[in-house]
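Take a look at the structure set out below.
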């Protein structure tokens, strides 16, 4: 009898160990399989912009972390300083859900234009689906020299062509009857002044402020929520 006791306790420990490991495995598997939706009722959005189909969804890996250049939290200020929540009283600041709604209603590329004003070295890292790209530096020079044709070299996709057309509506004489498209402007994030400065420039040039939306969170917030960038075009 006495010799059998250690064996009994050893088996009990083994069973306890196996049960514990199984429980942990089930918990980890369950956690890893949790769906990462956009909202409780929306898991992804499919849209077509200028002939290209996009599926917009969040990274489903519950352990995913940001990597690359957008991991950094503390950039020198200036120039990378925190931006205000409002660019203008008539300009709507939007977040991800409002941007997703534009995708979901197939407005991007039709009634709404999406403009990335980052410099090319940033844009080449990827951008938001269906976006146009004209850096603030070029927009500024083009308007300063009253030579909007300077932007034409960036007309490499339909989205950018459409943005340039809308800018060319801005003549010296403001015409309130012209149909200006809504433009959503973004850059790197709330630490990057390029999108804010672009909005101020366009308003100064009489682009209707109510036709401008500001995605203040930009690429940083887009990635931070697990959305993907698309290859720059």
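What follows draws every value from the coordinates through simple rules; no lab data is involved. What you see is a predicted model; the values in this text were computed from it and never measured. In this analysis, Cβ positions are derived from the backbone assuming ideal geometry, glycine residues included, and neighbour counts consider all displayed protein chains.
Over the range 115-233, consider all pairs of different Cα atoms and compute the Kirkwood hydrodynamic radius from their mean reciprocal separation; express it in Å, one decimal.
Taking the inverse mean of 1/r over all distinct Cα pairs, the range 115-233 comes out at 14.5 Å.
How big is the convex hull of the Cα atoms of the range 146-215, per residue, in Å³?
96 Å³
Please report the spacing between the Cα centers of the range 107-142 and the range 197-233 in Å, no decimals.
About 8 Å separates the Cα centre of the range 107-142 from the one of the range 197-233.
Order of 91, 36 from fewest to most other C-beta atoms within 10 Å?
36, 91
Compute the normalised compactness of the range 67-121: alpha-carbon radius of gyration over 2.2 N^0.38 Å, N being the residue count.
Taking the Cα Rg and dividing by 2.2 N^0.38 Å, one obtains 1.47.
Using a basic spin-label model with each label point 7 Å from the Cα along Cα→Cβ, how many nm lie between residue 42 and residue 206?
Taking the simple label geometry, residue 42 and residue 206 are separated by 3.6 nm.
Calculated FRET efficiency, residue 89 and residue 63, Cβ-Cβ r, R0 45 Å, to nearest 0.05?
Here the calculated transfer efficiency is 0.60.
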